[in-house]
Each structure stands twice: as C-alpha cells, then as structure tokens.
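Data block below; observations after.
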Amino acid sequence: MTKEKELLYYVFILIMIMILFLLGVDILATLLLKQGVILGIIIASSLILFIISCLIALKIEVEIGYYECSKCHHKFKTTYLKALLAMHIGTTRYLKCPKCQKNNWSKKVFEK
Ligand SMILES: [Zn+2]
C-alpha cells in the first residue's frame, strides 16, 4: 500500500467512526429528550459536523493522487469544486478528461 492510499484509507475509517459517533449521539438524545429545541439543535449540529467532515475528507481525496481517464488513460488532477459536483462511487468520479475532453468514470490512482 502506498503512503497516499494508506492516508485515504485512514480518512475513510475516521469518517466511519464520525458517522457512528454522531448517530449514537442522535439516538441517545432522541431517547433522552424525546422532543424539544435542544434535541433539534443536537441533530442539526451533528448533521453540520458530518457535512464538514465529508468536505474535509473530499479535500484530502482531491489533494492526493490523480484521476485516470478510462478512455485514454491520461492521469490528471481536478479542482475541488468539480470533484464535489461530480457523481461518484467511492473514489471513482464522473469527470471530464482534460486530454480527450470526454466525460467518463475516472478511477483514483496514486502514481503518475
Ligand atoms: Zn481521456
């Protein structure tokens, strides 16, 4: 496993732990509080925390490695915004290749 791949793997684990923790907090708060403004605040803030952690994870994903065009095998970097808006399955994203200009499912690779 390359260092970059390892790093991305840890980010993935961290996100999973975060989801389980926030879900736990929400379930616990729902059981204890039943209803009310505080419960709303807890659920809303955990949702915001979850979104922020996903955005940070994406930042790390975009920074490390490259995306490989499935048509011409050109390896390229993309912008944060393009990665954010692109459909994805795991780290494989539907991006436009800068070389052949075709939209395709580009796989995450770690070496140029
Ligand atoms: Zn291409």
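Quick note: the coordinates plus some simple rules give every number you see, no bench work behind them. Computed from a prediction, not measured in an experiment: that's the story for all the values here. Cβ placement follows ideal geometry from the backbone for every residue including glycine, while neighbour counts extend to all protein chains displayed.
Side notes on the structure shown:
- Helix axis angle, 37-63 relative to the chain longest principal axis, alpha carbon, degrees: 20 degrees
- Comparing region 66-112 with the 2.2 N^0.38 Å rule of thumb, its C-alpha radius of gyration ratio is 0.98 (two decimals).
- Out-of-range pairs (alpha-carbon distance over 32 Å; input K5/K34; K5/K82; K34/K108; K59/K102): K5/K34; K34/K108
- Karplus-derived 3J(HN,Hα), 6.51/-1.76/1.60, for each residue of region 88-98, Hz, glycine and proline x: 8, 10, x, 9, 8, 10, 7, 10, 8, 6, x
- The residues packed around Y67, meaning those with a beta-carbon under 9 Å from its beta-carbon, carry a net charge of +4 if Lys and Arg are +1 and Asp and Glu are -1.
- Difference of contour (0.36 nm per residue) and Cα-Cα distance, L49 to F110: 19.1 nm
- Degrees, to the nearest 10: 3-33 long Cα axis against longest axis of the chain: 20 degrees
- Amide H to amide H distances under 5 Å link T92 with K108, where only residues 5 or more positions off or on other chains count and H is placed in the peptide plane.
- For region 1-56, radius of gyration divided by Kirkwood radius, i.e. Rg to Rh on alpha-carbons: 1.16
- For Y94, Y66, order by how many other beta-carbon atoms lie within 10 Å, fewest first: Y94, Y66
- The residues K102, K107, K96, K3, when put in order of fewest to most other Cβ atoms within 10 Å, stand as K3, K102, K96, K107.
- Computed over the alpha-carbon atoms, the chain gives an Rg to Rh ratio of 1.13, Rh here being the Kirkwood radius from the mean inverse distance.
- Cβ-defined net charge surrounding Y80, 14 Å radius [Lys, Arg +1; Asp, Glu -1]: +2
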